[in-house]
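Every number in this text was worked out from the coordinates using simple rules, so none of it is lab data. Note that this is a predicted model, so its numbers are computed, not measured. Neighbour counts run over all protein chains shown; Cβ positions are idealised from the backbone, glycine included.
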Amino acid sequence: MNDVAIEAEGLRKRYGDHQALAGIDLSVPAGTVMGVLGPNGAGKTTAVRILATLLAADEGRAVVAGYDVAKDPQKVRRQIGLAGQYAAVDELLTGRENLVLIGKLHRLGRKGAKARAEELLERFELVEAADRGVKTYSGGMRRRLDLAACLLAEPSVLFLDEPTTGLDLTSRMTLWKTVREQVTGGVTVLLTTQYLEEADHLADRIAVIDKGTVIAEGTPDDLKDKVGGERLEVTVAVRSELAEAARVLSKVAVGEPVVAEEDRRISATIDSGIDTIADAAVALREAGIGVADFAIRRPSLDDVFLSLTGHAGTPTEEKESEA
Amino acid sequence: MSGLAYDTMALTGRHMRHIARVPEKLIGVTVGPIVLVLVFGYLFGSAMQVPGVNYREYIMAGIFTQVMFSAVGTSAAGVSGDLHNGLVDRFRSLPMSRFAVLLGRTVSDLLMTSLSCVVMAVVGALIGWRAHNGVLQAAAGFALLLLLGFTMCWLGALLGLVIRSTEAVNSVAMLLMMPFIFLSNAFVPLNGLPRWLQVIAEWNPISSVVASCRHLWANQGLVTDNAFPTQHPVLVSCVTLGVALIVLVPLTARAYQRAAAR
C-alpha cells in the first residue's frame, strides 16, 4: 500500500473566465487528516470534486488511493466516500432504504447491503427513525445518514466537503467523533472547512487555499505561529486618544499595533498569558485613556488570511457552490 | 453489462418506491388518463363525426399517444430533481454504471406509462372501444405506443439535464406538447387542413403512431389521403422513433456527464 493516500500536482480548472483552481498541489499521507481551509470561492469544492472523480481537471494530475483519478476513476470510486456540502439523500425513501440502495450500487449484494445498512443505522443512532421517510428528518439526522452512506463500502479515503456547515452542536460532535474513529482505523480524510477551529481539532495538517492555489501548508501549530499569538483589541472612547493608546500598547505588544482609525480600535499581537493582559490594562489606566472596549481574541480564519495574504478572505460567489 | 442491469434494477426499485410514497404520482398516471378517455370519449364523441368510424373508437389512439407524450414531463422532472438534491453527485462518486442512472429513470417512467396504457385500455373497453384485428395486431399497436413512450422519456431526461430548473422544464414540456399533439391526427382527421399544414402534420411522428394504432386496431375509418406516411404509418413510426432514440440516447448520456460535472 502506498504511503501517500492523496497526491495532487498542479490541478487547474477554469469555468469560463473564472480560474477556479490555479495549480493546486496536495499530498496527504495515508491514515491522516488533511484540513483544507479557505473562504467561499477559494476553490475547495472544485478541488474535492476533482479528487472524488466528479470533475475532470483541465491540467494536472491526481492520484487517490493509488489510482489516477483521470485514468482509473472506477477504481478510485471503489476506495472513496464523499459527503458533499448538502446531504445527498433521497427524501422520499426511508433512511434504511437510502442506505440499502447505496449499498446495492456499491455492489454489496442485497444481503450485504442490508446488513451493512443495519450496522450503520445503529452506529449513527438512526435505528428508531430508520423506517421513516427522510423528509421527516432534521438537518442533523440527514447529515448523519449522509455520512453513513459514504461509509457504506468502508472507504480508505474519505472526502468531507464542509461537513459541519449549518450543523447543530450534537451533530458536529458526532461527526468529529466519526472522523477520529475512521482515522484510527487507518482511513485517510480530506475535509474542507471555513472554520479554523474545526481544522485545528481534526486535522494533522492544514492547507490554506485562496484564489485557487495553496498559500500555506503545515500543521495547525505551524499556521498559528505564522499568524502569531493572541490579539488584544482595544477600542478607545475618544478618537483623539487613539495615538496615545497605540504608543502605550506598543510597549506590551509583539510588533507594532495596528490602528483602525474609523473604529477607534487598536489591535495588538501579544504573548499569551495573563500578565501581558494585566500590564496592558494598567498601562492604559495610568495613561488616563478612556477605554470603551477591551477584548482578547484568538486568531481566526480571517487573521490567517490577513497574515498570509495581506487581504481578508473576501467571500465571492462561485459557480461551484450552486451545483 | 450485468452491472448495468443490476444498477438499473436497483434504481428502478427506488423510483417504484417513490410512486408508493407519493400517491399523487400514481393518481397522475392512472386517474389523469381515465379522465381524458371519459372526457374525450363522451364529450367529443357525441359532437364529432369521422366518416366510416365511431369517433369514440377513433379518438382512443389519440388519447393513448397524448399520454405517452406526457412522459417527457415526468422524466424531465425526475432528472432535474436528482440534479438538485445532490444525489447525482453521490451516484457519480460510486463505482456504479453511470448509464444506469439514465436507464433506471427512463425504464421506470416507461413502466408508469405502461400502467397508464393498461388503465386506459380497460376504461376504453368499458365505453365501447375495441381493437378489431385480433390480439397480435392489438399488441403491436401497444408496442409502438411504448416505443413512443420510451423515446419521450429520453427526450424528457435530456431536457431535464439541459434546462435543470424543474419549473422551466415543465413549461417547456407543455410547450412541446402543443404542436406535436395538436398538429397531428390525434383528435381530428387531417383532410380539412390547408395543404402545407397537412404535409407537416402527416410527417409529424405523433401522426404516424396514431395512424399506426388506428390501422392495427381497425379504428381508422376511410383513408382517402395517399401521402407516404399515411399509407405506411407503421414503417414511418418505427423509423422515426428508432432514429430519434439513436440520436437522443448518446446526446442524453453526454448531457448527463456535463450537467453533473459542474
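What distance in nm separates the simple spin-label points at B:GLN49 and A:LYS177, each placed 7 Å from Cα in the Cβ direction?
With each label placed 7 Å out from Cα toward Cβ, I get 8.1 nm.
Just to be sure I understand: of the beta bridges DSSP finds with both ends in the range A:4-222, what percent are antiparallel, rounded to 5?
Of all bridge pairs located within the range A:4-222, approximately 55 percent are antiparallel.
What are the semi-axes of the equivalent ellipsoid for the range B:160-262, taken as the square roots of 5 times the Cα gyration tensor eigenvalues, largest first, in whole Å?
Numbers: eigenvalues 205, 52, 24 Å².
Largest first, the range B:160-262 gives 32, 16, 11 Å.
Dipole size in debye (nearest 20) for the range A:4-222 around its Cα centre, Lys and Arg Cβ +1, Asp and Glu Cβ -1?
For the range A:4-222, the charge dipole is close to 960 debye.
Restricting to DSSP loop positions (anything but H, G, I, E, B) with no more than 14 other Cβ atoms inside 10 Å of their own Cβ, which chymotrypsin sites (Phe, Trp or Tyr not before Pro) remain in the range A:66-132?
Within the range A:66-132, no chymotrypsin sites (Phe, Trp or Tyr not before Pro) qualify (loop, at most 14 other Cβ atoms within 10 Å).
With unit charges on the beta carbons (Lys and Arg positive, Asp and Glu negative) and the dipole taken about the Cα centre of the range B:2-260, which residue among B:ILE19, B:ALA211, B:ILE59 sits farthest to the positive side?
B:ILE19
Per residue of A:142-155, count partner chain C-beta atoms within 10 Å of its C-beta, then hand back the mean as an integer.
Per-residue shielding by partner chains comes out at 1.
For the range A:27-74, would you read off the P(r) tail past 12 Å as a percentage of all alpha carbon pairs?
So the portion of pairs separated by more than 12 Å is 66 percent.
How much of the DSSP beta bridge set in the protein assembly as shown is antiparallel, as a percent to the nearest 5?
70 percent
Based only on other Cβ atoms within 10 Å, what is the fewest-to-most ordering of A:SER171, A:SER27?
A:SER27, A:SER171
For the pair B:SER165 and B:GLN137, what calculated FRET efficiency results from E = 1/(1 + (r/R0)^6), where r is the Cβ-Cβ distance and R0 = 41 Å, to the nearest 0.05?
Computed FRET efficiency for B:GLN137 and B:SER165: 0.45.
Ignoring trypsin sites (Lys or Arg not before Pro) that are buried or in helix or strand per DSSP, and keeping those with at most 13 other beta carbon atoms within 10 Å, what is the longest stretch of chain A between them?
Details: sites that count: A:LYS71, A:LYS251.
Between exposed loop sites, the widest span is A:72-250.
If you bin every alpha carbon distance in the protein assembly as shown into 10 Å steps from zero, what whole percent lands in each bin?
Binned Cα distances yield the sequence 3, 15, 20, 18, 14, 12, 9, 5, 3, 2, 0, 0.
Debye sum, Cα scatterers, the range B:2-260, no solvent: what log₁₀ I/I(0) at q = 0.07, 0.13, 0.14, 0.17 1/Å?
Log-scaled intensity ratios, in q order: -0.25, -0.82, -0.94, -1.29.
What percent of all Cα-Cα pairs in the range A:90-141 falls into each 5 Å bin, going from 0 up to the bin containing the maximum distance?
Once binned at 5 Å, the Cα pair distances of the range A:90-141 give 5, 24, 31, 25, 13, 3.
Tally Lys/Arg at +1 and Asp/Glu at -1 over every other residue whose Cβ is under 15 Å from the Cβ of B:ALA71; what's the total?
Details: positive: B:LYS25, B:ARG105; negative: B:ASP109.
Every neighbour counted, the sum reads +1.
How long are the semi-axes of the equivalent ellipsoid of the range B:87-128, taking √(5λ) for every eigenvalue λ of the Cα gyration tensor, in whole Å from largest down? Working shown, then result.
Values: eigenvalues 266, 10, 4 Å².
Equivalent-ellipsoid dimensions as semi-axes: 36, 7, 5 Å.
Which peptide among B:68-78, B:158-168 comes first, and what is the full order, when sorted by highest mean count of other Cβ atoms within 10 Å?
B:68-78, B:158-168
Based on the Kirkwood radius over alpha-carbon pairs, what value in µm²/s does the Stokes-Einstein equation return for the translational diffusion coefficient of the range A:1-100 at 4 °C and 1.567 mPa s?
Taking Rh from Cα pairs, D becomes 88 µm²/s.
Under the classification rounded if a/c is under 1.5, otherwise prolate if a/b is larger than b/c and oblate if not, where does chain A fall, given a ≥ b ≥ c as square roots of the Cα gyration tensor eigenvalues?
Taking the square roots of the gyration eigenvalues as a ≥ b ≥ c, chain A is prolate.
Alpha carbons only, please: Rg and Dmax for the range A:229-298, in angstrom.
When restricted to Cα atoms, the range A:229-298 yields Rg and Dmax of 10.6, 30 Å.
In chain A, once you exclude exposed GluC sites (Glu not before Pro) (DSSP loop, at most 15 other Cβ within 10 angstrom), what's the longest stretch remaining?
Numbers: sites that count: A:GLU125, A:GLU128, A:GLU261, A:GLU262, A:GLU317.
By the stated rule (loop sites, at most 15 other Cβ atoms within 10 Å), A:129-260.
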